[in-house]
């Protein structure tokens, strides 16, 4: 998957994210080599953790336990210590 109009590094990051979320078994040695040639170890760790973070949020959506946050509240959103959203007054 090479999205049109993206720089090669960005297209590689998108392909990595897609594979990591859907079919991690498709990350072959060639792809891993390209990732290591393109990104630093720190960038790969950050990219991997961000993809996995957002991927785990699918669990809440699938189970219906997610909480919708209105777009106008995102900039001023506050959260309880148990990570639950506090609606704006």
* Structure fact -> Over all Cα pairs of the range 6-48, the Kirkwood radius sets Rh, and Rg/Rh then becomes 0.92
* To do: Can you put 16, 54, 39 in order of Cβ neighbours within 10 angstrom, beginning with the fewest?
  => 54, 39, 16
* Give the calculated FRET efficiency between residue 44 and residue 6 to the nearest 0.05, with a Förster radius of 22 Å applied to their Cβ-Cβ distance. => 0.75
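Values in this text are rule-based calculations from the coordinates and carry no lab data. Here the structure is a predicted model, which means the values were calculated and not measured. Cβ atoms come from the backbone with ideal geometry, glycine included; neighbour counts cover every protein chain shown.
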